[in-house]
Structures are given as structure tokens and as C-alpha cells.
Amino acid sequence: MSTTTQYWITMFSTYGWVLLLLIMERIWTFQKQPLLRPGFFWDVIYTYQNIVLQIIFWTAAPVIVERILANWLTQTVFPIEGAFLQGALADRSIVLNLAVLFLMGESIFYVAHYLAHKIPFLWEFHRVHHSSLIVDSFSTSRFHIVDRILFTLPNILLMIYFKARPEAIVLYFFFRAFMDRYIHSNIPGPRWPHKFMLSSPTFHRWHHSTNPPILHQKNFGGNFIFMDVLFGTAYDPDPKEHPLPTRFGEADYSNNLIMQQVLPFYYLYKRWTQPKQA
Ligand SMILES: [Zn+2]
Ligand SMILES: [Zn+2]
């Protein structure tokens, strides 16, 4: 794959899906919900701030991933050449590279996500992502920076450690950029991709549901569902038999991006300073 093709795929991952999913949500609407909902403005800012971060750190890409990150990280974080499986993906096929990237990315996502829900300290940061009262493609990017680092850094470090091929990284993020926004979108996506272990808007909507008894305790997977199936956390009843969740987020949580970056620290401080109840 030429560098120009990689560049355009990356451009589409970064800008194209944002627009395309917004249009798709307007044409195929799942649940009746307004576009200009509370927090929409800030979530648009999040999306573009996220794009800036992506350009700087990972996707934009082959050039940055290969020349800056890889060089810098291999010299500073992984200085010993020839350690166990180091650089193992460098001369392997794109198919093998992609298989490893998907398997690794999804496993890391599931574990990080599970911990973010189970450990109170981490939950305060992940709570920001769950605060939106309405789940749509723009709520995808609402994340606290600490939460984002927890989810992505191990993945990026391992990609660099294994020296995944730049073409595979570009295709991996092309798929992820679509799936991340798609599973949050207000599109009535079909359920048959579950047979191929792919996630769907219904699947992730159940994860965001605040309807008891689900309450964020199911569907920790990202783009795939195999980890949830494996660990018994998958929940996706047939919508014909079970009505879809209707309640999401926290009404009292601020929609302001700056406040959302500060609030977890405030809540953690309150949690630690409050006397424990007997
Ligand atoms: Zn979550
Ligand atoms: Zn989500």
C-alpha cells in the first residue's frame, strides 16, 4: 500500500466517519432523540480535540507512528533490542498484523474498561464518558484524558513493541474509527454481525443503560463482543421481546469539557475526605 493511499485512508478515518455517521444517524434513526441535545456543543469540541490528539499521537500516521513514536519509544521505553517477541510483527503479513492488532486491542480495551467500572478510583474518570444523557455518535469522544490514557496507552506501546506494520495500523484505525462511532450512533444497526463477534449500537446502548438491573455491568467490549461472550458479560436481548434501554447518563453531571476534566479529581477528593460510614 502506497504512502499516499495510507494518507487518504487516515484522513477518512479522522474526518470522514464523523460526517458520514452523522448523516447516517439522520437518515436511519433508532430512538427518537434530538441532534442538539444537552452537551452536543461540547461533544463536538471533544471530537475535534480528539482528532487533534489522534493526529499528534497516532493515526495520522505512518509517518508519525513510524518515525517519531517508534524511534523515540524504542529508544526510551524499550531500549533492549531482541527482547521476547520484540519486533515480531515487522516482517509478517498484513493479515497476521491485523489479526494481532484486533485481538490485542480488543483484549486491552475489555480489561481496561472492566477495571474502569469496577475500581472506584478509575470509575470517577470513566464516569465522564457515561455522563451523556443521550448516546449518539458525538458522545463517542466524551472522555476524560486519564481514562483515555488507560484505554489506549498499553495498546500503542504494544503496537510499537511488536513493530506492527504501518499499513496494518492505518487499516486498524480505519476500522476502529468507524466502529467506535457506529456503536454509539443512533442507527438501528442489524444484530447479525454478532455472529461474527462484531458489536452493534444495541449492544453498546445496553452498556450505557442506567435502567436497573443492567446499570453499566454488561457489555464491556469495544468493537467486538468475543470478550463479553468469553467472560459471561454479554447482554443483548432481542428488541422484539425486550424493550430497548431508554435511560442513559447523569442529569446532574456537567456537560462542560473543562468541568468534566476537573470534576473526577473533585469527586475523588470528596470520596477520600468523607468520613467512612459505619
Ligand atoms: Zn463503560
Ligand atoms: Zn460508550
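The values are calculated or read from the model by the stated rules, or taken from the named source; none is laboratory data. These numbers were taken from a predicted model, which means no experiment stands behind them. Using ideal geometry, Cβ is built from the backbone for each residue, glycine included, and neighbour counts are taken over all protein chains shown.
Below are the figures for this structure:
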| quantity | calculated |
| --- | --- |
| Search result, residues across segment 95-108 that are of a type outside the set (D, E, K, R) and either within 16 Å of ligand 2 (Cβ to nearest atom) or touching a residue at least 12 places away in the same chain (Cβ under 8 Å) (or both) | ASN97, LEU98, VAL100, LEU101, PHE102, MET104, GLY105, SER107, ILE108 |
| Residue identified as exposed (fewer than 13 other Cβ atoms within 10 Å of the Cβ), under 16 Å from HIS117 (Cα atoms) and more than 16 Å from ligand 2 (Cβ to nearest atom) among PRO212, PRO237 | PRO212 |
| Filter result (away from ligand 2 (no atom under 16 Å from the Cβ) and either crowded, with 18+ Cβ neighbours inside 10 Å or outside any helix (DSSP H, G or I) (or both)) within segment 109-139 | ILE119, GLU124 |
| Filter result for PRO154 (away from ligand 2 (no atom under 16 Å from the Cβ), at pLDDT 90 or above, outside any loop (DSSP other than H, G, I, E, B) and not β-branched (Val, Ile, Thr)) | no |
| Qualifying residue in segment 140-162 (condition: in contact with a strand residue (DSSP E or B) (Cβ under 9 Å, 6 or more places away or on another chain), small (Gly, Ala, Ser) and within 16 Å of ligand 1 (Cβ to nearest atom)) | no |
| Meets criteria (in contact with a helix residue (DSSP H, G or I) (Cβ under 9 Å, 6 or more places away or on another chain), surrounded by 17 or more Cβ atoms within 10 Å (Cβ to Cβ), in a helix (DSSP H, G or I) and not β-branched (Val, Ile, Thr)) for PHE102 | yes |
| Condition broken by LEU153, with the remaining ones in (1) crowded, with 21+ Cβ neighbours inside 10 Å; (2) over 25 Å from THR5 (Cα atoms) satisfied | (1) |
| Complete set of residues in segment 202-216 that are within 10 Å of ligand 1 (Cβ to nearest atom) and not in a helix (DSSP H, G or I) | HIS216 |
